[in-house]
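**Q** Supplied in structure tokens, the structure appears directly below.
The values are calculated or read from the model by the stated rules, or taken from the named source; none is laboratory data. Small disclaimer: the values here were computed from a predicted structure and weren't measured. Counting neighbours? That spans all protein chains shown, and the Cβs are built from the backbone with ideal geometry, glycine included.
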Amino acid sequence: MTAARRWGTVALAVVVVLVLDQLSKAWAVARLCGPPYCPDRATPEPVDLVWTLRLAYAENTGMAFSKASGSGRWIALVAVGIVAVLLFVARRLRSPYQLVLVGVVVGGALGNLVDRVFRASDGFLSGGVVDFIDLQWWPVFNVADACVVVGGILLAISTVVEPEPEAEPEPEPEPKPEPEPEAEPTAEPAAEPAAGPDA
């Protein structure tokens, strides 16, 4: 696999995850946000989907799944480090499946990092991450959280299960054509003596 194709695969996965994450968060802000996060709005009703799954707005200044609240700056710096490590690892990967998973994890990490940067109101990287997927028996999360966790688990499994591709053998040099033997010069037949006059 060429370097252009490798990085193109990773970049495509990153862009898809990042766009889906930010669009879903924009919808959540417009449709679900209420007090105390949006004090000028009435409290919206959660959107019930299937079983205990519902959509309900929340903001998180900690890590994924609303853990370590208030430590957003440090979590953001850790996320930047993880992104750098994954991109370094991707240089050695040859499996398209693994490259897509790297892109999924990186896209999820960048999705939450965008929230911390552009929603900051109390200093750099202090913004709250928008969460809205609520199972009611698990911390509220978002698309980026799901991509980081699920993509990371699948990537770890794939490195154990999927063998590394064998290196492609180098093509053997084509044999040089042997020079054709030079044709030996043929001896010209001796000229017959001219017949003399009859005796």
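Per-residue answers, yes or no, for (1) at pLDDT below 90; (2) surrounded by fewer than 15 Cβ atoms within 10 Å (Cβ to Cβ):
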residue: LEU49; (1), (2): no, yes
residue: ALA56; (1), (2): no, no
residue: GLY62; (1), (2): yes, no
residue: ALA68; (1), (2): yes, yes
residue: VAL80; (1), (2): yes, yes
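**Q** Going through segment 114-142 one residue at a time, which ones are farther than 20 Å from ALA56 by Cα and modelled with pLDDT of 90 or more?
**A** Of the residues in segment 114-142, the ones farther than 20 Å from ALA56 by Cα are 114, 117-118, 120-126.
Answer for segment 114-142, where residues must be farther than 20 Å from ALA56 by Cα and modelled with pLDDT of 90 or more: just VAL114.
**Q** Which of the residues that make up segment 127-144 are surrounded by fewer than 24 Cβ atoms within 10 Å (Cβ to Cβ) and in contact with a Pro (Cβ under 9 Å, 6 or more places away or on another chain)?
**A** If the condition is that a residue be surrounded by fewer than 24 Cβ atoms within 10 Å (Cβ to Cβ) and in contact with a Pro (Cβ under 9 Å, 6 or more places away or on another chain), then ASP134 is the only one that fits.
**Q** Tell me which residues, restricted to segment 81-96, are among the aliphatic types (A, V, I, L, M) and part of a helix (DSSP H, G or I). Write out each step before concluding.
**A** Step one: list which residues in segment 81-96 are among the aliphatic types (A, V, I, L, M), which gives 82-87, 89-90, 93.
Residues satisfying the conditions are ILE82, VAL83, ALA84, VAL85, LEU86, LEU87, VAL89, ALA90.
For (1) touching a Leu at 6+ places or on another chain (Cβ under 8 Å); (2) on the phi > 0 side of the Ramachandran plot; (3) surrounded by 13 or more Cβ atoms within 10 Å (Cβ to Cβ), each residue gets a yes or a no:
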position	(1), (2), (3)
THR9	yes, no, yes
VAL14	yes, no, yes
LEU20	no, no, yes
LYS25	no, no, yes
VAL29	no, no, yes
LEU32	yes, no, yes
ALA42	no, no, no
PRO46	yes, no, yes
